[in-house]
Amino acid sequence: MTAPIIRSTSRGQLVALTFAQDAVAASQTNVQLVVPGETTTPLVVGYEMPFPGEVVALSYTLDTAGAAGVFTIGATLNGTEDADTTVTVGTNAASYTVIPRGKMTFIAGDSLGAEITTDGSWDGTASDLSVVLWVMLYVEGI
């Protein structure tokens with residue numbers, strides 16, 4: 001006899017939030033990335049969270065790596081970058097960072113986004129960027 005199939009949900013669900021920028025320009029400071037479907041100018045500062053949770057990782061991919069310059073990516077909470085999530089890109093075309101548990105928590109109703117900063121010597125200006133925030137949502141009580 002096989003076990004019955006039941007509907008259940010765990011207490012936390014890992015969710016991927018995607019952001020992007022076409023042709024990453026030099027000399028950008030705290031520029032919010034767009035969510036899928038937006039134009040090149042962000043219309044919103046991110047995704048509004050329906051449950052409390054925390055950001056647990058950030059990953060990124062450039063279609064072409066830059067060879068010089070400073071380029072950082074960070075997660076934002078209600079439009080403000082959280083320093084615990086900031087990643088320096090350097091000359092990597094793709095990488096990730098795991099964010100220690102409890103470093104970037106949020107409550108239901110908060111907005112999560114991503115932003116970048118590039119200095120004037122960033123030379124990967126033809127590169128397109130995608131960023132994924134890996135978020136643990138705590139769905140207890142539903």
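The values are calculated or read from the model by the stated rules, or taken from the named source; none is laboratory data. Computed from a prediction, not measured in an experiment: that's the story for all the values here. Cβ sites come from the backbone with ideal geometry, for glycine too, and all protein chains shown count toward neighbours. Accessible surface areas use protein heavy atoms only, side chains included; no ligands, DNA or RNA. Shrake-Rupley method; radii C 1.70, N 1.55, O 1.52, S 1.80 Å.
Only residues that are under 14 Å from VAL132 (Cα atoms) and in contact with a Gly (Cβ under 8 Å, 6 or more places away or on another chain): list them for the range 70-85, please.
Scanning the range 70-85 gives ALA75, THR76, THR85.
Could you list all residues from the range 89-106 that are closer than 22 Å to ALA26 by Cβ, surrounded by 13 or more Cβ atoms within 10 Å (Cβ to Cβ) and within 15 Å of the chain's Cα centre (by Cα)?
Those that are closer than 22 Å to ALA26 by Cβ, surrounded by 13 or more Cβ atoms within 10 Å (Cβ to Cβ) and within 15 Å of the chain's Cα centre (by Cα): VAL89, SER95.
Only residues that are closer than 20 Å to PRO36 by Cα, open to solvent by 10 Å² or more (accessible area, probe 1.4 Å), of a type outside the set (A, V, I, L, M) and assigned to a loop (DSSP other than H, G, I, E, B): list them for the range 110-142, please.
ASP110, ASP128 - these are the residues of the range 110-142 that are closer than 20 Å to PRO36 by Cα, open to solvent by 10 Å² or more (accessible area, probe 1.4 Å), of a type outside the set (A, V, I, L, M) and assigned to a loop (DSSP other than H, G, I, E, B).
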